[in-house]
Amino acid sequence: MAVSDPKVGLLGRELVVVTGKGGCGKSTVAAALAVAAAARGTEVILAEVDARGDAARELGVARRPEPSVETELAPRLHHVSIDPDSALRHYLADQLPSRALAETLLSSRVFPYFVAATPGMRELLTIGAVWDLTQESSRRTGERLYDLVILDAPATGHGLAMLEAPSTFERAAQAGRIAGQAGQIDDLLRDPRRTAVVAAARPEELPVNETIDLAEGLRDRLSMPLAAVVVDRVHGDPLTEAESERVARAGADPAATGAALAVHRRAVAEHGEIGRLRAAVECPVVTLPEIARSDIGPGELGELAGRLEALL
Amino acid sequence: MSGALPERLEGRSVVICAGSGGVGKTTCSAAIAMGLAAEGKRVAVITIDPARRLADALGLDELGNEPSLVDPARFAGDGIEIDGELWAMTLDAKRTFDELIESLSPDARTRDEILGNRIYQQLSGAVAGSQEFTAVAKLYELDRSGRFDVLVLDTPPSRNALDFLDAPERLTGFFEGRALKFFLAPTGLAAKAWGRGTGAVFGVMKRITGVDLLEDLSVFFRALGGLIDGFRERAEGVARLLEDDGTTFLVITSPEREPAEEAVFFRRKLREAGMPFGGLIVNRVHTVGDGGPTPEPETVAADLGPELGPELAAKVARAYGEALALAERDEASIARLRRETGERHPVIVPELDGDVHDVAGLVAVHRWLFDDAQ
């Protein structure tokens, strides 16, 4: 797997969306991909959406990031935390002829309810802010600021709803400015040459099922292929089957042999789940090893990034 | 030594299992329900998204959206006798929402208008928040039916535990809010806004969003107008139920950092909201040995060398060393959870060997939850 898989080619896209079942390492995978891309000379920005700043923390940022502030954490490696409220503020300021009008709208008593009450509006604002990042260009040179945007997206169901929001709005609004913009965003999201969706999973039954469902949902609802699956926290198998039988018969140190056999059985089960996943999805599946540490920092991320080279 | 669940659940009629996704919440919920049913109670467990095989193991009918009785014979082979009744269901969020609209609609026309509305279809579908709301709506309905002694609710796998606590309030706030009043107003601002297109604010809104969406919204809100009282009543009932003395929240987590932080956060929110906290369950804890001695990995390599050969002995020692490291990590996490939640005796369930998504797995988890002798 050391050679880049040309079918994936994440570096050639404008947007990589990382989603997956909750607790499956989405943030870790997104951050590791960003580290790997920056190491390859790509100007990359990692966008987080739920204000917890997990990915930022793994990248070594001590404080919870300010929403909507783009910062360069390491050479070519940028980060931003997207929050729908400030996205709305930016959006209106951009769209309206005057700042005063935007402020009037924002301070009106009805407007916030309107936004909160419109299903999918927050999702649309969030994905709209992501789209802006893909388009952002330098005032000085006019060149795009970022070659690649990596989105640490919400978990599967909500993530899919977010990717669908633009087309829903386009259909619902039909005319008007939002429809036009939603259409543009939708064009980006449904073009597999420009956007890749990567799923984070774990080698367990439920995450594997959810990943298979995600691949189907992407195909049926958005006509998009899943670009790759990254299976996080895979345990190495310390023993072959024959060795495990010998260890099971050993008399000494039952705590130690028991532990080694338990790891072996778990690895076998995980191997089975990964096989089931590989058989069900058409995209490459790469694995990341379990790291027996509670805190993943820049060092561990660099190691994981190396494993994701094949996807670039 | 862990805190025994049975006495903590004594006299409770609603048990809500909260926590992050991926920590085994559904399995714990089902095992708790099974344990209470074994004690002779009539129990219903509302699950959100069970593993296919857990659903099969319980014989869950996915299409029902109503609890179905689990055949006690399913557990007989694993030594569990159900003296009471165990009922189980998988929540269908969309259907629960539709049923709520049906029961609250004053007439068939209003019902059809809402169910057919594009905005409603969006709202009741996958959009975040509706699953939380429908879960408590179902809980409330089953509680009022009086058919069960205990209800066990497995909460939706939302990343933010707050979504669940706030769901009823958020949704009713939305139904009662100014937006609704605004859309319902027959004259005044609303009429001006899209009747004649005057008023900078609404003119802009219309220009940006497109007219159709506003019309959909307006129809939606108008139709919902007739349901407001019903919704308010329902939401108040739900809020009372969540705060009731018969209700208790169990916070379930794994020892991993993110779920553990979420558990601490949720414990704090429960305290702030004045909700009853019934205990902390730490699931999937890595352990080594059965409480016997745990020698140093180097000793192990030397001990096993003669029997297994140096190479294999070293492999075992290394795997064992890694297992010890994981167990230490988890122990540190539990100590921290104790400190930060104020729960002195969390219930500890080890990472179980093999499959937990079947009857044998449920019984194994049950043993750790209900057996004080662990």
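The values are calculated or read from the model by the stated rules, or taken from the named source; none is laboratory data. Treat the numbers as computed from the prediction; the structure is a model and nothing was measured. Every residue, glycine among them, receives a Cβ derived from its backbone with ideal geometry; neighbour counts consider all protein chains shown. Keep in mind that these areas ignore ligands, DNA and RNA; they rest on the heavy atoms of the full protein, side chains included. Shrake-Rupley method; radii C 1.70, N 1.55, O 1.52, S 1.80 Å.
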**Request:** Starting from residues that are open to solvent by less than 10 Å² (accessible area, probe 1.4 Å) and not in a helix (DSSP H, G or I), keep the ones in segment B:4-31 and report whichever is farthest from B:Glu262 (Cα to Cα).
**Result:** B:Val14
**Prompt:** A:Ala248 versus (1) open to solvent by 10 Å² or more (accessible area, probe 1.4 Å); (2) small (Gly, Ala, Ser); (3) in contact (Cβ under 8 Å) with a residue 60 or more places away in the chain: which is the lone unmet condition?
**Reply:** (3)
**Prompt:** For B:Arg74, are the conditions met, namely being open to solvent by 70 Å² or more (accessible area, probe 1.4 Å), farther than 28 Å from B:Arg232 by Cα, at pLDDT below 95 and within 14 Å of chain A (Cβ to nearest Cβ)?
**Reply:** no
**Set A:Val8, A:Val18: member being open to solvent by less than 10 Å² (accessible area, probe 1.4 Å), modelled with pLDDT under 80 and away from chain B (no Cβ under 14 Å)** = A:Val8
**Asked** Within segment A:75-107, how many residues are away from chain B (no Cβ under 11 Å) and touching a residue at least 60 places away in the same chain (Cβ under 8 Å)?
**Response** 1
**Asked** Within segment B:286-305, can one find any residue that is touching a residue at least 40 places away in the same chain (Cβ under 8 Å) and within 28 Å of A:Asp50 (Cα to Cα)?
**Response** no
**Message:** surrounded by fewer than 20 Cβ atoms within 10 Å (Cβ to Cβ) and over 27 Å from A:Ala280 (Cα atoms): which single residue out of A:Asp237, A:Asp187, A:Asp253, A:Asp213 fits that description?
**Reply:** A:Asp187
**Request:** Determine whether A:Pro207 is farther than 21 Å from B:Thr26 by Cβ, crowded, with 24+ Cβ neighbours inside 10 Å and out of contact with any Pro (no Cβ under 9 Å at 6 or more places or on another chain).
**Result:** no
**Item:** Those residues of segment A:172-190 which are part of a helix (DSSP H, G or I) and either at pLDDT below 75 or of a type in the set (Asp, Glu) (or both), in sequence order
**Value:** A:Ala172, A:Ala173, A:Gly176, A:Arg177, A:Ile178, A:Asp186, A:Asp187
**Message:** Checking the structure you have, find out if any residue of segment A:64-72 is part of a helix (DSSP H, G or I) and more than 14 Å from chain B (Cβ to nearest Cβ).
**Reply:** no
**Message:** Within segment A:292-303, does at least one residue satisfy the condition of being assigned to a helix (DSSP H, G or I) and surrounded by 20 or more Cβ atoms within 10 Å (Cβ to Cβ)?
**Reply:** yes
**Message:** Restricting to segment B:264-294, name every residue that is modelled with pLDDT of 90 or more and within 29 Å of B:Asp353 (Cβ to Cβ).
**Reply:** B:Val264, B:Gly278, B:Gly279, B:Leu280, B:Ile281, B:Val282, B:Asn283, B:Arg284, B:Val285, B:His286, B:Thr287, B:Val288
**Prompt:** Considering only residues of segment B:289-331 that are surrounded by fewer than 20 Cβ atoms within 10 Å (Cβ to Cβ) and among the hydrophobic types (A, V, I, L, M, F, W, C), which is nearest to the other protein chains (Cβ to nearest Cβ)?
**Reply:** B:Ala325
**Prompt:** If a residue has to be buried (at least 19 other Cβ atoms within 10 Å of the Cβ) and touching a strand residue (DSSP E or B) at 6+ places or on another chain (Cβ under 7 Å) to count, how many in segment B:85-118 make the cut?
**Reply:** 6
**Fill in**
The correct count of residues that are on the phi > 0 side of the Ramachandran plot and facing chain B (nearest Cβ under 9 Å) in segment A:230-274 is 1
**Request:** Go through segment B:321-361 and give me each residue that's at pLDDT 90 or above, under 30 Å from B:Leu58 (Cβ atoms), aliphatic (A, V, I, L, M) and part of a helix (DSSP H, G or I).
**Result:** B:Ile334, B:Leu337
**Prompt:** Does any residue of segment A:287-296 turn out to be charged (D, E, K, R), more than 9 Å from chain B (Cβ to nearest Cβ) and over 24 Å from B:Glu298 (Cα atoms)?
**Reply:** no
**Asked** Is it fair to say A:Glu273 is closer than 28 Å to B:Val356 by Cα and either modelled with pLDDT under 95 or of a type in the set (Asp, Glu) (or both)?
**Response** yes
**Subset of segment B:263-317 [among the basic types (Lys, Arg) and within 26 Å of the chain's Cα centre (by Cα)]** = B:Arg267, B:Arg268, B:Lys269, B:Arg271, B:Arg284
**Message:** Based on this model, can you work out whether A:Leu151 counts as part of a strand (DSSP E or B) and either surrounded by 21 or more Cβ atoms within 10 Å (Cβ to Cβ) or away from chain B (no Cβ under 14 Å) (or both)?
**Reply:** yes
**Item:** segment B:228-246, residues that are buried (at least 20 other Cβ atoms within 10 Å of the Cβ) and charged (D, E, K, R)
**Value:** B:Arg234
